[in-house]
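Report on the following structure.
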Amino acid sequence: MPEPRRPKPEMKPLFISILKYLDEELDHDPTYRWIMQETGLRGIPEMQITREQGRTLNMLAHLVGARRILEIGTLSGYSGVWMARALPADGKLITCEVNPKHAELAMDAFVHAGVADKVELHLGPALETLTSLELDSPFDMTFIDADKDNNLNYFQFAEAHTRSGGLIIVDNIFLNGRVIAPDANDYMQRLAAFNHHVFEKYGDSVAAIPFYKMEEDNVDGIMVVRMP
C-alpha cells in the first residue's frame, strides 16, 4: 500500500525559512551591516539590494572576469561594495548617483570597505553623466538600479558600451508583482514593456532571477543579459 501523500508545505514560510538558514550559514561581513545601520541613521531610503543579490552580483563579476564595471544608481554604496570587491587591484567601478546625501554615504562605505581606490563616483543626473564619460574601453559588466522610467535609456547606453560576453544586469523588474498585475497602471505597464523588449530581443541570452526581501514582504528580481 503506498504511503499517504504528505501535505505540501506553504511556500512562503518555507522560503523565508530557507533565507533565514542561508543568513545563519553564510559569512557576515561587518561592512555590510555598517552600511545598513548608517543608511537608517542618516535618513536615507532603505532600498538596497538583498544580501543574496549582493552575493550574486559579486559572483557574476568574478565569473565574467570583470575589470571595469558601470553602476547606474549608487544609493548607499551597498551594491557597489559587493561589485568592487570582485575587481582586481587595478579594476574600476564607475558609479552614478544624483543625490549628494546618498553619494556622501556611498563614499564613506567605499572607504570603510577598503575599495575606495577602485571607485569613481559621479554626482549628477545619470544620463548627463553617461554622455560625458570619456571611455577608452568597454565595460565588462553594467548594473542598472536607478529611476525606472529611464531603464531603456540606461540599457541602450549599456548595450553600446558593454563588451561582447559581458553582462548587463537590471534590478527591480517585478516590483512585488505589480509589473504583471492585470490592473497595472501606466508606470508599471512601461516597466513591463521594457522587460518584454529585452526578453524578446535577447532570447536565450537573458535570465531573470526572482528575489524576496523579507523586511518589505516584497518579491522582486533582476534581469541578467549576456551581450552577444
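The values are calculated or read from the model by the stated rules, or taken from the named source; none is laboratory data. The structure presented is a predicted model; accordingly, all values stated were derived computationally and were not measured. Here Cβ is always computed from backbone atoms with ideal geometry, including for glycine, and neighbour counts include all displayed protein chains. These area figures cover heavy atoms from the full protein model, side chains too; ligands, DNA and RNA do not enter into them. Shrake-Rupley method; radii C 1.70, N 1.55, O 1.52, S 1.80 Å.
Scanning the stretch 22-35 for residues that are open to solvent by 100 Å² or more (accessible area, probe 1.4 Å) and at pLDDT below 90 yields Glu24, Glu25, Asp27.
Does Ile180 satisfy the criteria of being modelled with pLDDT under 95, over 23 Å from Pro45 (Cα atoms) and not charged (D, E, K, R)?
Numbers: modelled with pLDDT under 95: yes; over 23 Å from Pro45 (Cα atoms): yes; not charged (D, E, K, R): yes.
Answer is yes for this residue.
Restricting the stretch 131-147 to residues that are within 18 Å of the chain's Cα centre (by Cα) and aliphatic (A, V, I, L, M), the residue that is most open to solvent (accessible area, probe 1.4 Å) is Ala146.
For beta carbons closer than 7 Å, sequence separation of 6+ or different chains, a first residue in the stretch 171-182 that is charged (D, E, K, R) and a second that is surrounded by 14 or more Cβ atoms within 10 Å (Cβ to Cβ), the qualifying pairs are Asp171/Ile49; Asp171/Ile144; Asp171/Asp145; Asp171/Ile222; Arg178/Ala184; Arg178/Met188. Is there a residue being out of contact with any helix residue (DSSP H, G or I) (no Cβ under 8 Å at 6 or more places or on another chain) and outside any helix (DSSP H, G or I) anywhere in the stretch 193-207? The answer is yes; a qualifying residue exists. Of all residues in the stretch 103-130, those that are within 16 Å of the chain's Cα centre (by Cα) and surrounded by fewer than 21 Cβ atoms within 10 Å (Cβ to Cβ) total 0.
Listed here are the residues, each with its yes/no results for (1) loosely packed, with under 13 Cβ neighbours inside 10 Å; (2) at pLDDT below 95; (3) within 18 Å of the chain's Cα centre (by Cα).
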residue: Ala184; (1), (2), (3): no, yes, no
residue: Phe194; (1), (2), (3): no, no, yes
residue: Val198; (1), (2), (3): no, no, yes
residue: Val206; (1), (2), (3): no, no, yes
residue: Tyr212; (1), (2), (3): no, yes, yes
residue: Ile222; (1), (2), (3): no, no, yes
residue: Met227; (1), (2), (3): no, no, yes
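Of the numbered criteria (1) part of a strand (DSSP E or B); (2) surrounded by 20 or more Cβ atoms within 10 Å (Cβ to Cβ); (3) touching a Phe, Trp or Tyr at 6+ places or on another chain (Cβ under 8 Å), the one Arg163 fails is (2).
Would you mind stating whether Ile180 is open to solvent by 40 Å² or more (accessible area, probe 1.4 Å) and of a type in the set (Val, Ile, Thr)?
Details: open to solvent by 40 Å² or more (accessible area, probe 1.4 Å): yes; of a type in the set (Val, Ile, Thr): yes.
So Ile180 passes the test.
When residues in the stretch 107-125 are screened for being part of a helix (DSSP H, G or I), touching a Phe, Trp or Tyr at 6+ places or on another chain (Cβ under 7 Å) and over 16 Å from Ile35 (Cα atoms), 0 of them pass. Note on the stretch 56-84: residues that are in contact with a Leu (Cβ under 8 Å, 6 or more places away or on another chain) and either of a type in the set (Phe, Trp, Tyr) or at pLDDT below 95 (or both) amount to 1. Taking residues in the stretch 137-158 that are among the acidic types (Asp, Glu), and partners anywhere that are open to solvent by 30 Å² or more (accessible area, probe 1.4 Å) and not in a strand (DSSP E or B), the pairs with Cβ atoms closer than 6 Å and at least 6 places apart or on different chains are Asp140/Arg67.
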